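Enquirer: What follows is a structure written as structure tokens; I'll ask about it next.
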Amino acid sequence: MKRVLITGASRGIGRAITERLAAPDVELLLHGRDTVALAEVCKRVTKRFGKVEKLIYDLATKSGVCKLIDAVGDAPIDVLVNNAGVAVVKPFAEITEIEWDQALGVNVTAPFMLIQHFAPRMRPGSSIVNVLSVAAKTGYPGWSAYCMSKFALEGFSQCVRAELRDHKVRVINVYPAATDTDIWSAVKGEWPREKMMSPDDVAAAVAFAISQPDEVLVENITLGSLTGKL
């Protein structure tokens, strides 16, 4: 049975990836902070498939990440999906230290700690998926903390990919453009959400990448809408 760990699985892209990857031969290790939303996802998946474990920890803190690692246990995982993220959207001069630390903690430090712990135990053919963003390649006004964190994870991922290549562990980076998730409810302004990609569009790309033969690596997937940049 494959073991799949997905962070930020309670909603949006993480939830869509969970539903795409759920299968009778898969043990889903699902992380989230929203206990109600995560319980709903687990209930939906459990009805159709097999084993699901809830992991409710705060990835903004190192202690929260360590508790998640302990809960996953010593058995190797086959797929690690670093999807959890926070977006601080405001002019750089208004960002507080707490907000900066939270962006670094969830978007950079948590993936670093999870990859560092689990990658050495992963079998050949396993996959690490980092859900990044087009903000990992381009800076946007008002998104400095978010872009900083995605740029950092992008650089780290490239190095890890090179180090793990000989071990046959794949590192797959996904760069979605604007996707219709709850993040936009907290961002000021009018956003054309009806023109955005759906979380399932991103999940389909993730499922495609990890379904490739063990010797095949889909390194980078950039996803956008045919309606153009939003």
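The values are calculated or read from the model by the stated rules, or taken from the named source; none is laboratory data. Keep in mind the model is a prediction, meaning the values are calculated, not measured. For neighbour counting, all protein chains shown are included, and Cβ atoms are generated from backbone atoms with ideal geometry for every residue, glycine included.
Enquirer: I'd like to verify a number: residues in region 1-28 that are over 13 Å from Phe49 (Cα atoms) and without any contact (Cβ under 8 Å) to a residue 60 or more places away in the chain, how many?
Expert: Total satisfying the criteria: 1.
Enquirer: On to the next question. Thr96 - would you say it is touching a residue at least 24 places away in the same chain (Cβ under 8 Å) and hydroxyl-bearing (Ser, Thr, Tyr)?
Expert: Values: touching a residue at least 24 places away in the same chain (Cβ under 8 Å): no; hydroxyl-bearing (Ser, Thr, Tyr): yes.
No; evaluated as a whole, the condition is false for this residue.
Enquirer: Follow-up. Checking the conditions here, which among Ala145, Ala119 is within 18 Å of Lys168 (Cα to Cα) and out of contact with any Ser or Thr (no Cβ under 8 Å at 6 or more places or on another chain)?
Expert: Being within 18 Å of Lys168 (Cα to Cα) and out of contact with any Ser or Thr (no Cβ under 8 Å at 6 or more places or on another chain) holds for just one of Ala145, Ala119, which is Ala119.
Enquirer: Do we find that Ser149 is farther than 17 Å from Leu59 by Cα and hydroxyl-bearing (Ser, Thr, Tyr) in this structure?
Expert: No: the conditions fail for Ser149.
Enquirer: Which numbered condition in (1) exposed (fewer than 14 other Cβ atoms within 10 Å of the Cβ); (2) under 14 Å from the mean Cα position of the chain (by Cα) is the only one that Thr109 fails?
Expert: The failed condition is (1).
Enquirer: Okay, next question. Which residues, taken from region 112-144, are part of a helix (DSSP H, G or I), within 16 Å of the chain's Cα centre (by Cα) and more than 23 Å from Lys188 (Cα to Cα)?
Expert: Hits for region 112-144 are Phe112, Met113, Leu114, Ile115, Gln116, Phe118, Ala119.
Enquirer: A further question on this structure: Is it true that Ile6 is β-branched (Val, Ile, Thr), under 16 Å from the mean Cα position of the chain (by Cα) and at pLDDT below 95? Reasoning before the result, please.
Expert: On the way: β-branched (Val, Ile, Thr): yes; under 16 Å from the mean Cα position of the chain (by Cα): yes; at pLDDT below 95: no.
It is false that Ile6 is β-branched (Val, Ile, Thr), under 16 Å from the mean Cα position of the chain (by Cα) and at pLDDT below 95.
Enquirer: Is it true that some residue in region 38-46 is touching a residue at least 40 places away in the same chain (Cβ under 8 Å), more than 22 Å from Met113 (Cβ to Cβ) and either out of contact with any Gly (no Cβ under 6 Å at 6 or more places or on another chain) or not charged (D, E, K, R) (or both)?
Expert: Keep residues of region 38-46 that are touching a residue at least 40 places away in the same chain (Cβ under 8 Å), which gives none.
The answer is no, given that none of the residues of region 38-46 is touching a residue at least 40 places away in the same chain (Cβ under 8 Å), more than 22 Å from Met113 (Cβ to Cβ) and either out of contact with any Gly (no Cβ under 6 Å at 6 or more places or on another chain) or not charged (D, E, K, R) (or both).
Enquirer: For region 33-76, which residues satisfy the criterion of being of a type in the set (Gly, Ala, Ser), at pLDDT 95 or above and surrounded by 14 or more Cβ atoms within 10 Å (Cβ to Cβ)?
Expert: Correct list: Ala60, Gly64, Ala71.
Enquirer: Before we move on, is Val206 closer than 19 Å to Glu154 by Cα, modelled with pLDDT of 90 or more, hydrophobic (A, V, I, L, M, F, W, C) and part of a loop (DSSP other than H, G, I, E, B)? Reasoning before the result, please.
Expert: Details: closer than 19 Å to Glu154 by Cα: yes; modelled with pLDDT of 90 or more: yes; hydrophobic (A, V, I, L, M, F, W, C): yes; part of a loop (DSSP other than H, G, I, E, B): no.
No: the conditions fail for Val206.
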